[in-house]
């Protein structure tokens, strides 16, 4: 169905093909567990842009996104830009699992305002060996207390005391979700991923990358979403529930990785893209916050808000793709939006290939835009959850 142009960001484009992502190996399964993730991300971004025919000297600003503290994080964009080989300014954004999309939107604001012409978006995270923070507590008799690492945050929302798994279970009960349906969702998502891999689709998105130590010696090559395994419907049904409709097979896993793309003006997009006839616009975004510990329903509410604001419906969307840490997310989205979950995530999703937080939604977006191009254009809807009860959604138009 054709719809009028309703873009809220008329000046900004994403140049087709000037993007790429690392594979996302699962936590502690690859050489990424041994390196500084900021340095790896910067060097890898330069490698990816070089393969895409874009010199890093074309960038004049950088927006980073990550969620897990890393050594030298105080320096953020200046350090990572130096590792890229282009000492440009920039800054860092963070919004839990929404970081990868929020960084793209922040870069959009830079271009739309006229502040910068070519903005690199670089998102990354390393869940392996996440550090423990020691924070001063001057009001107590103890001078310092070791508070938390990222794993503690997954397991404890300070606003509710609930873990992410608990939020999924609470939402599953609210929407009377059927265990068999969540198993069906997970099984299809794995099939979609392996079909995209066999077809060569993922080879257009994911870039094998070498990991080097401080002396420049190879530690290993990142060339697979290590941790993804073949799964059967019977094996899913046999797994024990950790909470309502949540099993080890119907939730994502922690992983490491990076992803990058460019945001720029219409004119520069045509100059930088290997296919300048493809026009990619950012149409609009929305965020919501639902009731505590109902995280899996928040993305659907964000999509509702966005489509209502634009005067559009799900029937107008050519590609729907999300960050789904639990299969429950997709079932609940289907119930709220009246949309068949079988039509979503045709090339895979984070439920299968893992969740390094920062780059998750950036990779989701890159895959969605590639899929929209394969379909001859259309609207690509990207959405996901963040930090307990927040949902984010954004719409892109591929012409």
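Scan the stretch 1-26 for residues that are surrounded by 17 or more Cβ atoms within 10 Å (Cβ to Cβ) and at pLDDT below 95 and the total you get is 1.
Note on the stretch 260-286: residues that are crowded, with 22+ Cβ neighbours inside 10 Å and within 18 Å of the chain's Cα centre (by Cα) amount to 6.
Elements of the type helices (runs of 4 or more DSSP H) sitting completely within the stretch 296-376 and holding at least 2 residues that are surrounded by fewer than 24 Cβ atoms within 10 Å (Cβ to Cβ): these cover 298-310, 327-337, 360-374.
Within the stretch 244-287, the residues that satisfy the criterion of being assigned to a loop (DSSP other than H, G, I, E, B) and either closer than 25 Å to residue 310 by Cα or touching a strand residue (DSSP E or B) at 6+ places or on another chain (Cβ under 7 Å) (or both) are 252, 253, 278, 279. Scanning the stretch 111-125 for residues that are assigned to a loop (DSSP other than H, G, I, E, B) and out of contact with any helix residue (DSSP H, G or I) (no Cβ under 9 Å at 6 or more places or on another chain) yields 113, 114.
Of all residues in the stretch 39-70, those satisfying the criterion of being in a loop (DSSP other than H, G, I, E, B) and under 18 Å from residue 359 (Cα atoms) are 66, 67, 68, 69, 70. Checked across the stretch 29-38, the condition of being part of a loop (DSSP other than H, G, I, E, B) and either farther than 19 Å from residue 256 by Cβ or out of contact with any strand residue (DSSP E or B) (no Cβ under 9 Å at 6 or more places or on another chain) (or both) holds for no residue.
Among the residues of the stretch 200-215, those that are surrounded by fewer than 16 Cβ atoms within 10 Å (Cβ to Cβ), in a loop (DSSP other than H, G, I, E, B) and touching a strand residue (DSSP E or B) at 6+ places or on another chain (Cβ under 8 Å) comprise 208, 213. Residue-level check: of (1) under 28 Å from residue 210 (Cβ atoms); (2) without any contact (Cβ under 8 Å) to a residue 40 or more places away in the chain; (3) surrounded by fewer than 22 Cβ atoms within 10 Å (Cβ to Cβ); (4) in contact with a strand residue (DSSP E or B) (Cβ under 7 Å, 6 or more places away or on another chain), residue 81 misses just (3). Examine the stretch 154-164 for a residue that is at pLDDT below 85, part of a helix (DSSP H, G or I) and at negative phi, and state whether such a residue exists. Yes, because at least one residue in the stretch 154-164 is at pLDDT below 85, part of a helix (DSSP H, G or I) and at negative phi. Could you tell me whether the stretch 223-231 includes any residue that is assigned to a loop (DSSP other than H, G, I, E, B), exposed (fewer than 15 other Cβ atoms within 10 Å of the Cβ) and out of contact with any strand residue (DSSP E or B) (no Cβ under 9 Å at 6 or more places or on another chain)? Checked against the condition, which is being assigned to a loop (DSSP other than H, G, I, E, B), exposed (fewer than 15 other Cβ atoms within 10 Å of the Cβ) and out of contact with any strand residue (DSSP E or B) (no Cβ under 9 Å at 6 or more places or on another chain), the stretch 223-231 yields at least one hit. You will find that of 58, 34, 43, the residue that is buried (at least 16 other Cβ atoms within 10 Å of the Cβ), in contact (Cβ under 8 Å) with a residue 24 or more places away in the chain and over 21 Å from the mean Cα position of the chain (by Cα) is 58 and no other. Of all the numbered requirements in (1) modelled with pLDDT of 95 or more; (2) over 30 Å from residue 374 (Cβ atoms); (3) surrounded by fewer than 12 Cβ atoms within 10 Å (Cβ to Cβ), residue 172 misses one, and that requirement is (3).
If you go through the stretch 232-246 and keep only what is surrounded by fewer than 21 Cβ atoms within 10 Å (Cβ to Cβ) and under 23 Å from the mean Cα position of the chain (by Cα), you end up with nothing. Just wondering, is there one or more residues in the stretch 208-222 that are touching a residue at least 12 places away in the same chain (Cβ under 8 Å), closer than 28 Å to residue 117 by Cβ and in contact with a helix residue (DSSP H, G or I) (Cβ under 6 Å, 6 or more places away or on another chain)? Checking the stretch 208-222: at least one residue is touching a residue at least 12 places away in the same chain (Cβ under 8 Å), closer than 28 Å to residue 117 by Cβ and in contact with a helix residue (DSSP H, G or I) (Cβ under 6 Å, 6 or more places away or on another chain). Look at the stretch 227-247: where a residue is more than 25 Å from residue 171 (Cα to Cα) and a partner is modelled with pLDDT under 95 and surrounded by fewer than 19 Cβ atoms within 10 Å (Cβ to Cβ), sitting 6+ places away or on another chain with Cβ atoms under 8 Å, you get 227/29.
Screening 118, 93 for residues that are closer than 13 Å to residue 11 by Cα and either buried (at least 24 other Cβ atoms within 10 Å of the Cβ) or at pLDDT 95 or above (or both) leaves exactly one candidate, 118.
Every listed requirement among (1) assigned to a helix (DSSP H, G or I); (2) over 15 Å from the mean Cα position of the chain (by Cα); (3) more than 18 Å from residue 49 (Cα to Cα) is met by residue 105 save one, (2).
The values are calculated or read from the model by the stated rules, or taken from the named source; none is laboratory data. Computed from a prediction, not measured in an experiment: that's the story for all the values here. Because the Cβ atoms are built from the backbone with ideal geometry, glycine has one as well, and the counts that use them run over all protein chains shown.
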